[in-house]
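Working notes for the structure below.
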Amino acid sequence: MSTPERIQGFPPVLGPDPRILILGSMPSVRSLAEQQYYGHPRNRFWPLMGRLIDAGPELAYEQRCLRVRAHGIAIWDVLASCRRPGSLDADILRESEQANPIDELLARHPGICRVLFNGQAAAQAFERHLRPRLPQHGPACLQLPSTSPANAMWSLDRLTIAWGQALG
């Protein structure tokens, strides 16, 4: 079996004064093809943002990003690049992981008081690659249930409650 090609993530969705940073792991194959965060139509991230900040999938992607920025939210992924066959986080080849410079982003934007992880894979990659590079008293970090269609145990209603409390 051949080694999968290296895939590259996206730059952050980032406004001038973010307060919350939402981190995923790495865009899915569909998201990469669409060149959009959470571009798979079954991912519940944008329906969730529709419920919480009126940035739902009925809007054009750029409009959603504008609303996210207006609410002081930034979106990025822990990984800048990796090798992964398919879209599952569990299939990321760990030795291929290269992290984004999230420590630099947090230093440039000290108003970020919360880092929210979209699922366990993002939280674990952050712990592996970035936690050692952050000050001891950095922003509060919270792992949330993944919005991925692979996380079918969580309904959109349950996700709305959990994410709504975290976005507070």
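The values are calculated or read from the model by the stated rules, or taken from the named source; none is laboratory data. Computed from a predicted structure; not experimentally measured. Accessible surface areas use protein heavy atoms only, side chains included; no ligands, DNA or RNA. Shrake-Rupley method; radii C 1.70, N 1.55, O 1.52, S 1.80 Å.
Dimensions of the range 1-83 from C-alpha coordinates, computed as largest minus smallest value along each principal axis and given longest first, are 44, 26, 16 Å. Computed over the range 100-139, the percent of Cα pairs more than 14 Å apart is 45.
GLN8 to SER96: extension gain in nm, 0.36 nm per residue of separation minus the Cα-Cα distance? Numbers along the way, then the final one.
Details: separation 88, 0.36 × 88 = 31.68 nm, distance 1.15 nm.
My answer for the length gained is 30.5 nm.
Helix-only mean residue ellipticity at 222 nm, the chain, DSSP H runs n ≥ 4 weighted -39,500 (n - 2.57), per residue, nearest 500. What is it?
On the way: 6 runs with 54 residues, N = 168.
Calculated at 222 nm, the ellipticity per residue is -9000 deg cm²/dmol.
Ranking ARG133, ARG6 from most to least accessible surface, computed with a 1.4 Å probe over the protein chains only, gives ARG133, ARG6. 3J(HN,Hα) along the range 85-101, derived from phi through the Karplus expression 6.51 cos²θ - 1.76 cosθ + 1.60 where θ = phi - 60°, amounts to x, x, 10, 6, 4, 5, 8, 5, 6, 3, 5, 9, 5, 10, 7, 6, x Hz, with x in place of Gly and Pro.
The residues of the range 72-130 expose, per residue, 41 Å² of accessible area to a 1.4 Å probe.
Classify the range 56-126 as rounded, prolate or oblate, taking a ≥ b ≥ c as the square roots of the eigenvalues of its Cα gyration tensor: rounded when a/c is under 1.5, otherwise prolate if a/b is larger than b/c and oblate if not. Could you put the intermediate results ahead of the total?
Details: a/c = 2.36, a/b = 1.35, b/c = 1.75.
Judged from the Cα gyration tensor, the range 56-126 comes out oblate (a/c at least 1.5, b/c at or above a/b).
Shape verdict for the range 69-168, please, from the Cα gyration tensor: rounded (a/c under 1.5), prolate (a/b greater than b/c) or oblate. Verdict is oblate for the range 69-168. Here the range 37-136 has 50 percent of its accessible surface on carbon and sulfur atoms, given a 1.4 Å probe and all protein chains in place. Rg/Rh for the chain (Cα atoms only, Rh after Kirkwood) is 0.94.
Among the protein heavy atoms, those of HIS71 account for about 80 Å² of accessible surface (1.4 Å probe, every chain in place).
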